[in-house]
Each structure stands twice: as structure tokens, then as C-alpha cells.
1. Name the strands (runs of 3 or more DSSP E) wholly inside segment 9-74 in which the number of residues that are free of Cβ contacts under 8 Å to residues at least 12 places away in the same chain is 2 or more.
2. Residue pairs, Cβ under 9 Å, 6 or more apart or interchain, first in segment 77-89 and surrounded by 10 or more Cβ atoms within 10 Å (Cβ to Cβ), second not in a helix (DSSP H, G or I). List them.
3. For segment 49-89, how many residues meet the condition of being more than 24 Å from His23 (Cα to Cα) and either among the aliphatic types (A, V, I, L, M) or in contact with a helix residue (DSSP H, G or I) (Cβ under 8 Å, 6 or more places away or on another chain) (or both)?
4. So is Leu3 among the hydrophobic types (A, V, I, L, M, F, W, C) and either at pLDDT below 90 or assigned to a loop (DSSP other than H, G, I, E, B) (or both) or not?
Amino acid sequence: MPLRIKPGGVVYICLPDDNFELHASTCFHCQKITEFPSMRRMHEYVDICRKCMKLICLECVGGECKPWLKQVEIDEALSRERLRRLNNGDE
């Protein structure tokens with residue numbers, strides 16, 4: 001069965017006596033980068049969020065779906081509100 005969701009990158013590790021090539025995926029919820037040796041073993045290292053259908057790390061599995069971009073938008077809105085209050089002298 002072909003994989004529908006592909007990891008985002010490849011990691012090259014160059015050592016004096018050997019070189020390694022690993023696949024990598026960034027968690028859509030916490031931005032953790034997870035490396036794994038092959039596409040066949042990908043689901044031993046990452047999983048798919050059933051709500052947003054994106055690759056996530058095993059630490060985020062079972063938690064609520066909180067995509068990173070959504071968290072950044074919330075933080076930005078809070079910062080803008082704080083700045084607005086400071087400029088208006090409300091605090």
C-alpha cells in the first residue's frame with residue numbers, strides 16, 4: 001500500500017568513517033523533528049493526527065489537536081491586544 005502522507009525531509013549524517021541518510025518529519029503540533037531510518041518504519045516513530053490528518057510525533061499522540069500555526073495565531077492575537085491596551089493606557 002503506498003504512503004499518502006510523506007515525511008518532510010532527509011537528514012545526512014557525515015562521520016569520519018561512515019555516512020548515514022535518514023528521513024525526517026516535523027510534528028505539526030509541537031514542531032519537534034523526528035528522524036527515522038526508512039519509510040517502511042516511519043509509523044514506528046511518527047503517527048497521524050486523526051483530526052487534522054498531519055504527521056505528529058509520538059509525544060503528541062492522544063493529546064488534543066493543537067496545530068502549531070493555530071497556537072502562533074492565538075499568541076499573536078494576545079500580543080496585539082496587550083500592545084493595544086498599553087498604547088491606550090488601559091493598564
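The values are calculated or read from the model by the stated rules, or taken from the named source; none is laboratory data. All values derive from a computational prediction rather than experimental measurement. Counting neighbours? That spans all protein chains shown, and the Cβs are built from the backbone with ideal geometry, glycine included.
1. Working: elements: 9-14, 19-26, 33-36, 46-48, 55-57.
Once the strands (runs of 3 or more DSSP E) in segment 9-74 are filtered for at least 2 residues that are free of Cβ contacts under 8 Å to residues at least 12 places away in the same chain, what remains is 9-14, 19-26.
2. Arg82/Glu91; Arg84/Asp90; Arg85/Glu91
3. The total comes to 6.
4. Numbers: among the hydrophobic types (A, V, I, L, M, F, W, C): yes; either at pLDDT below 90 or assigned to a loop (DSSP other than H, G, I, E, B) (or both): yes.
Taking the combined requirement at face value, the residue satisfies it.
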